[in-house]
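Here's the structure, in structure tokens; my notes come after.
The values are calculated or read from the model by the stated rules, or taken from the named source; none is laboratory data. Predicted model, so just to flag it, every value in this text is computed and none were measured. Here the Cβ positions follow ideal geometry from the backbone for every residue, glycine too, while neighbour counts run over all protein chains shown.
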Amino acid sequence: MSIKVGVVGGGRFGLMHLRTFDQLRREGRVESIALAEINGELLQERCTEFGVAGYADYFEMLQREELDAVTVVTPDFLHRQIALDCIAAGKHVLVEKPLDTSTEGCGQIVRAAERAGVMVQVDFHKRFDPYHTELHDAIAQGELGVPEYGYAWVEDSIEVPRDWFPHWVAQSSPAWFLGVHMVDLFRWFIGGRNGRRVWATASKCKLASLGIDTYDSVQALIEFEDSVSFHLDASWIMPEGFEALVNQGIRIVGSEGVGEVDSQDRGARLATTTGGQRTVNSSFFLQQPGRGGMRYSGYGVDAIADFADNVQLLKAGCKLDEKCGRSAYARDGLEVTRITEGIHRSIETGEIVEL
């Protein structure tokens with residue numbers, strides 16, 4: 001049973017959504033695709049490339065297209081109202097992380113979705129990394145014993161805040177843009193437990209010197225239920241000469257074992273006289289020519305395709321068990337935002353914040 005999908009936002013990651021749905025359309029799993037994008041030049045470019053219906057206003061798209069689902073791929077602070085409008089129109093929704101940058105906004109989305117009887121997922125795609133899945137399953141099967149503490153680092157090149165999103169980066173932070181992925185991943189590893197308290201610090205130096213008013217880095221210690229602790233380092237000031245756009249990893253220590261995933265160094269390296277050395281993460285996204293067009297794979301694609309799969313199941317009359325599988329739903333997004341809000345309150349006050 002194929003579905004009709006709309007995408008709000010055709011920028012850098014909106015392109016990932018369009019590629020995924022275009023592939024699913026070629027496979028017969030998606031019937032039609034529509035795109036809403038306020039940048040007219042970009043809208044035309046995407047419509048030409050993917051053969052989709054284009055709209056400058058997502059309201060018009062909702063009114064004119066008979067959509068089953070919509071994905072929201074806009075700057076973080078714009079997620080809330082678009083998601084609420086899509087829910088009000090009766091559409092299932094996939095929102096890029098974070099669900100919203102406030103607990104209040106996430107709560108509004110959760111309640112609206114429950115009243116409307118629609119599904120809201122959050123694209124925490126690191127759950128779909130096969131290395132992370134293997135570690136999750138080992139923990140779930142008790143191989144590490146009782147989880148006691150963990151540590152994660154996630155670091156972007158400075159080009160991300162400086163060049164990719166110059167118009168709205170001051171309304172975000174490395175915790176909102178990057179850290180939420182690892183907070184969600186750790187919660188998933190330990191069975192979806194909620195946070196109890198958090199203590200955090202942050203620094204402003206490099207980006208402020210470039211006229212960008214946001215944190216360079218954030219360090220947080222989060223205590224979860226049952227006294228499980230998690231330390232997070234998130235930054236986006238890695239030098240351009242660093243070999244990877246994203247440097248990331250996670251480890252979990254339990255009473256009977258330890259599990260580690262170096263999510264950046266997967267053993268593939270390229271070195272050229274013009275481009276220097278770089279590592280390759282084809283596990284996230286890989287494109288290769290194939291019959292009928294370009295073929296896309298990787299966990300960045302899989303997480304979006306998972307949403308389409310779930311919409312198909314719902315359309316066929318099935319019920320979803322939100323405790324099964326790798327999907328992250330609205331309540332997961334709410335808890336991650338509640339913790340990340342606490343991180344920023346702790347930075348501002350210099351105190352431990354009870355959640």
Fill in: Test result for residue 101, assigned to a helix (DSSP H, G or I) and either modelled with pLDDT of 95 or more or over 30 Å from residue 66 (Cβ atoms) (or both)
no
Worksheet item: What tally of residues in the range 240-256 results from selecting those that are at pLDDT below 95 and over 17 Å from residue 180 (Cα atoms)?
Response: 6
Worksheet item: Looking at 23, 44, which is the one that is of a type outside the set (Asp, Glu), exposed (fewer than 15 other Cβ atoms within 10 Å of the Cβ) and more than 18 Å from the chain's Cα centre (by Cα)?
Response: 44
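What number of residues within the range 108-132 satisfy the criterion of being surrounded by fewer than 16 Cβ atoms within 10 Å (Cβ to Cβ) and either hydroxyl-bearing (Ser, Thr, Tyr) or part of a helix (DSSP H, G or I) (or both)? Break it down into steps so the answer makes sense when it comes.
Step one: of the range 108-132, the residues surrounded by fewer than 16 Cβ atoms within 10 Å (Cβ to Cβ) are 111, 114-115, 117, 130.
Those still in the list that are either hydroxyl-bearing (Ser, Thr, Tyr) or part of a helix (DSSP H, G or I) (or both) too: 111, 114-115, 130.
So the count comes out to 4.
So for the range 202-218 (the condition being out of contact with any His (no Cβ under 7 Å at 6 or more places or on another chain), in a loop (DSSP other than H, G, I, E, B), over 30 Å from residue 23 (Cα atoms) and in contact (Cβ under 8 Å) with a residue 60 or more places away in the chain), does at least one residue qualify?
For the range 202-218, residues out of contact with any His (no Cβ under 7 Å at 6 or more places or on another chain), in a loop (DSSP other than H, G, I, E, B), over 30 Å from residue 23 (Cα atoms) and in contact (Cβ under 8 Å) with a residue 60 or more places away in the chain: present.
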Worksheet item: Within the range 291-346, can you find the residues that are touching a residue at least 24 places away in the same chain (Cβ under 8 Å), of a type in the set (A, V, I, L, M, F, W, C) and in a loop (DSSP other than H, G, I, E, B)?
Response: 316, 320
Worksheet item: Is there a residue being touching a residue at least 40 places away in the same chain (Cβ under 8 Å), part of a helix (DSSP H, G or I), in the same structural domain as residue 36 (by TED's automatic domain parsing) and surrounded by fewer than 22 Cβ atoms within 10 Å (Cβ to Cβ) anywhere in the range 84-98?
Response: no
Practice prompt. Could you look through the range 257-277, keep only residues that are in contact with a strand residue (DSSP E or B) (Cβ under 6 Å, 6 or more places away or on another chain), surrounded by fewer than 15 Cβ atoms within 10 Å (Cβ to Cβ) and assigned to a strand (DSSP E or B), and pick out the one that is modelled with the highest pLDDT?
Written response: 260
Worksheet item: Name the pairs whose Cβ atoms lie under 7 Å apart, with the first residue in the range 249-277 and among the acidic types (Asp, Glu), the second in a strand (DSSP E or B), and 6 or more positions between them or separate chains?
Response: 260/251; 262/249; 265/279
Practice prompt. Enumerate the strands (runs of 3 or more DSSP E) found wholly within the range 1-83, keeping only those where 1 or more residues are in contact with a helix residue (DSSP H, G or I) (Cβ under 9 Å, 6 or more places away or on another chain) and without any contact (Cβ under 8 Å) to a residue 60 or more places away in the chain.
Written response: 30-36, 53-55
Worksheet item: Do we find a residue being within 15 Å of residue 329 (Cβ to Cβ) and aliphatic (A, V, I, L, M) anywhere in the range 121-131?
Response: yes
